[in-house]
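> Take a look at this one; I'll ask things after.
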Amino acid sequence: MQANNLLLEEPIRMASILEPSKPTFFPAMTKIVGTLGPKSRSADIISRCLNAGMSVARFDFSWGDAEFHQETLENMKAAVKSTKKLCAVMLDTTGPELQVVNKTEGPIPLEADTLLVLTPDQDKEATSNLLPINFSGLSKAVKKGDTIFIGQYLFTGSETTSVWLEVTEVNGEDVVCLVKNSAVLSGSLYTLHVSQIRIDLPTLTDDDKKVISTWGVRNNIDFLSLSYTRHAEDIRHAREFLSKLGELRQTQIFAKIENVEGLNHFDEILQEADGIIISRGNLGIDLPPEKVFLFQKAAVYKCNMAGKPAVVTRVVDSMTDNLRPTRAEATDVANAILDGSDAILLGAETLRGLYPVETISIVGKICAEAEKVFNQDLYFKKTVKYVGEPMSHLESIASSAVRAAIKVKASVIICFTSSGRAARLLAKYRPTMPVISVVVPQLKTNQLRWTFSGAFEARQSLVVRGLFPMLADPRHPAESTSGTNETILKVALDHGKASGLIKAHDRVVVCQKVGDASVVKIIELDD
């Protein structure tokens with residue numbers, strides 16, 4: 001995380017590869033989103049996850065009821081209090097997800113080259129020859145030769161838990177399929193994914209709306225992960241719904257791209273969304289395998305240039321059951337960082353995996369190593385060229401501040417902000433040092449009560465690469481009529497020193513508003 005990062009094009013000294021990684025207060029600039037579930041819901045485990053590097057907790061409503069997730073969230077709040085580490089909350093919708101319903105919850109063995117019937121009659125019992133599903137329109141959506149995938153976590157590399165089907169016949173509302181590989185389905189619910197076929201269901205379902213307006217409102221969720229986003233209109237519809245739910249009008253919406261339809265409308269979706277989740281689970285079976293990396297690189301680049309967070313999923317599937325990732329997985333994580341990803345999202349690895357803490361720790365270490373050789377100079381030039389001229393006032397200030405911090409080898413950039421926008425712009429230019437985003441609360445009123453802003457803005461930066469928020473004392477304004485704001489700056493510097501980011505004689509770049517002007521200044525610290 002120091003400013004003297006290597007360029008990837010430079011020869012890397014082999015001896016440096018063998019040097020042990022140095023522990024730091026922030027495990028990596030890249031953020032880690034952890035899905036909390038049966039194996040990661042106690043206050044103790046969540047505390048260890050936070051210390052290992054998790055900064056966003058994801059609550060997946062595809063399974064589990066609101067009461068279960070509420071208990072987990074209360075444990076998370078206790079963990080945040082004990083560790084003194086901020087953590088944002090992400091609600092992940094179910095969306096138009098097709099599911100197989102197994103009321104017996106017993107394992108279902110499926111044999112290759114046998115026939116299997118998918119039926120919308122949920123009163124029937126799941127067997128090796130018949131699976132009831134939660135959608136009556138499947139027979140109208142598919143035709144002979146189409147591909148269907150079924151599993152709890154689709155094709156993680158262990159082909160004994162997911163099954164690949166080929167449609168052979170449509171018989172009324174039933175769909176007859178040929179089983180292509182032997183597998184054992186276990187659990188009460190499995191995802192059903194039809195490759196490259198549109199499912200005529202709303203992206204934000206009635207069940208999703210109910211969860212958001214109850215659990216989401218109660219817990220002031222920071223992020224809404226909108227599953228199966230297919231059009232920009234999906235984002236607009238979700239935002240309109242959130243705008244009527246009080247505090248949730250501030251909730252950021254992340255579009256989850258997991259099928260070809262979302263890919264085809266990616267540019268319009270990116271314009272409307274606050275961030276993108278590249279959901280490689282479903283996307284990786286909707287696309288030919290050789291095309292997945294192309295979409296990842298193109299999507300991350302577009303997010304980077306737009307200054308919006310890009311989150312990549314499904315990176316260390318094998319760690320669900322193992323203590324170490326495969327060599328290919330470790331390389332995959334690093335490449336996602338070199339592509340420019342802001343965050344890594346862990347699903348099954350932390351939700352039901354045996355080693356949630358170790359997974360977060362190892363992913364963080366890989367991210368940190370990749371950041372050391374991230375070609376910031378090339379990235380900076382590409383971003384400046386993409387933005388073009390004339391630059392907006394804020395873009396000019398942000399790019400100048402990052403360039404100055406790199407030139408003077410500053411240890412950190414400190415940014416005073418109320419909305420978080422200025423800090424996110426700094427992060428857009430990928431400085432090689434951390435940005436301490438000092439969020440200064442603003443007093444607001446709805447004519448009935450006074451409230452301070454700031455908490456949402458601080459937590460929402462926890463998904464942005466390189467941004468590390470702290471909430472300032474609301475008695476000290478973000479804007480100053482004098483050239484400095486000594487009290488609030490001292491608090492920020494003390495925070496940097498306490499976390500080991502700032503030492504004596506270090507240089508620090510500070511961005512703040514002074515009256516109507518935005519100012520960038522360089523401070524050299526005394527003993």
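> In region 58-67, which residue that is of a type in the set (Phe, Trp, Tyr) and open to solvent by less than 50 Å² (accessible area, probe 1.4 Å) is nearest to Pro202 (Cα to Cα)?
Phe61
> Can you tell me how many residues in region 128-147 are of a type outside the set (A, V, I, L, M, F, W, C), within 24 Å of Glu105 (Cα to Cα) and buried (at least 16 other Cβ atoms within 10 Å of the Cβ)?
Adding up the residues that qualify gives 1.
> Continuing with this model, one more query. Which of the residues spanning region 245-258 are more than 14 Å from Met90 (Cβ to Cβ) and at pLDDT 95 or above?
If the condition is that a residue be more than 14 Å from Met90 (Cβ to Cβ) and at pLDDT 95 or above, then Ile257 is the only one that fits.
> Being within 17 Å of Ile360 (Cα to Cα) and in a loop (DSSP other than H, G, I, E, B) is the filter here, so list the residues in region 315-340 that pass it.
Once the filter is applied, which keeps residues that are within 17 Å of Ile360 (Cα to Cα) and in a loop (DSSP other than H, G, I, E, B), region 315-340 yields Val315, Val316, Asp321, Asn322, Leu323, Arg324, Pro325, Thr326.
> State which residue is farthest from Ile197 (Cα to Cα) when the search covers only region 73-93 and only residues that are in a loop (DSSP other than H, G, I, E, B) and open to solvent by less than 30 Å² (accessible area, probe 1.4 Å).
Ranking the qualifying residues of region 73-93, first place goes to Cys87.
> Separate question: Restricting the search to region 297-328, which residues are more than 20 Å from Leu263 (Cβ to Cβ) and surrounded by fewer than 21 Cβ atoms within 10 Å (Cβ to Cβ)?
Scanning region 297-328 gives Gly307, Ser318, Asp321, Asn322, Leu323, Arg324, Thr326, Arg327, Ala328.
> While we're on this one: When the residues of region 94-109 are narrowed to those that are open to solvent by 10 Å² or more (accessible area, probe 1.4 Å) and part of a strand (DSSP E or B), which ends up farthest from Phe223 (Cα to Cα)?
Applying the filter and picking the extreme gives Pro109.
> Name the residues in region 26-48 that are of a type in the set (D, E, K, R) and either in a helix (DSSP H, G or I) or at pLDDT 95 or above (or both), would you?
Of everything in region 26-48, those that are of a type in the set (D, E, K, R) and either in a helix (DSSP H, G or I) or at pLDDT 95 or above (or both) turn out to be Lys31, Asp44, Arg48.
> Related question: In region 278-292, is there at least one residue being in contact with a strand residue (DSSP E or B) (Cβ under 9 Å, 6 or more places away or on another chain), in contact (Cβ under 8 Å) with a residue 24 or more places away in the chain and open to solvent by 50 Å² or more (accessible area, probe 1.4 Å)?
No, region 278-292 has no match at all.
> Could I ask something else about it? With the condition kept exactly as written, say whether any residue in region 49-67 is over 16 Å from Ile344 (Cβ atoms), free of Cβ contacts under 8 Å to residues at least 12 places away in the same chain and in a helix (DSSP H, G or I).
Yes, some residue in region 49-67 is over 16 Å from Ile344 (Cβ atoms), free of Cβ contacts under 8 Å to residues at least 12 places away in the same chain and in a helix (DSSP H, G or I).
> Identify the residue in region 190-217 that is open to solvent by 60 Å² or more (accessible area, probe 1.4 Å) and in contact (Cβ under 8 Å) with a residue 24 or more places away in the chain and, among all such residues, is farthest from Ile148 (Cα to Cα).
The selected residue is Thr214.
> When only residues in region 199-217 that are assigned to a loop (DSSP other than H, G, I, E, B) and either touching a helix residue (DSSP H, G or I) at 6+ places or on another chain (Cβ under 6 Å) or within 27 Å of Glu105 (Cβ to Cβ) (or both) count, which is modelled with the lowest pLDDT?
First, the residues of region 199-217 that are assigned to a loop (DSSP other than H, G, I, E, B): 199-205.
Subset that is either touching a helix residue (DSSP H, G or I) at 6+ places or on another chain (Cβ under 6 Å) or within 27 Å of Glu105 (Cβ to Cβ) (or both): 199, 201, 203-205.
On the way: Ile199: 84, Leu201: 88, Thr203: 94, Leu204: 95, Thr205: 93.
Residue satisfying both the conditions and the ranking: Ile199.
> Being touching a residue at least 40 places away in the same chain (Cβ under 8 Å), open to solvent by 50 Å² or more (accessible area, probe 1.4 Å) and acidic (Asp, Glu): is that true of Glu268 here? Steps first, please.
On the way: touching a residue at least 40 places away in the same chain (Cβ under 8 Å): no; open to solvent by 50 Å² or more (accessible area, probe 1.4 Å): yes; acidic (Asp, Glu): yes.
No; evaluated as a whole, the condition is false for this residue.
> Of everything in region 329-359, what is open to solvent by 10 Å² or more (accessible area, probe 1.4 Å) and among the β-branched types (Val, Ile, Thr)? Give them in sequence order.
Scanning region 329-359 gives Thr331, Val357.
> Separate question: Looking only at region 233-265, count every residue that is more than 19 Å from Trp215 (Cβ to Cβ) and either charged (D, E, K, R) or open to solvent by 10 Å² or more (accessible area, probe 1.4 Å) (or both) and tell me the total.
12
Okay, residues lined up against (1) within 24 Å of Ile276 (Cβ to Cβ); (2) modelled with pLDDT under 95; (3) open to solvent by 10 Å² or more (accessible area, probe 1.4 Å); (4) of a type in the set (A, V, I, L, M):
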site	(1), (2), (3), (4)
Cys415	yes, yes, no, no
Ser419	yes, yes, yes, no
Ala422	yes, yes, yes, yes
Ser437	yes, yes, no, no
Thr445	no, yes, yes, no
Leu448	no, yes, yes, yes
Thr451	no, yes, yes, no
Gly454	no, yes, no, no
Arg459	yes, yes, yes, no
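The values are calculated or read from the model by the stated rules, or taken from the named source; none is laboratory data. Since the model is a prediction, treat every value here as computed from it, not as a measurement. We place every Cβ from the backbone using ideal geometry, glycine too, and count neighbours over all the protein chains shown. Accessible surface areas use protein heavy atoms only, side chains included; no ligands, DNA or RNA. Shrake-Rupley method; radii C 1.70, N 1.55, O 1.52, S 1.80 Å.
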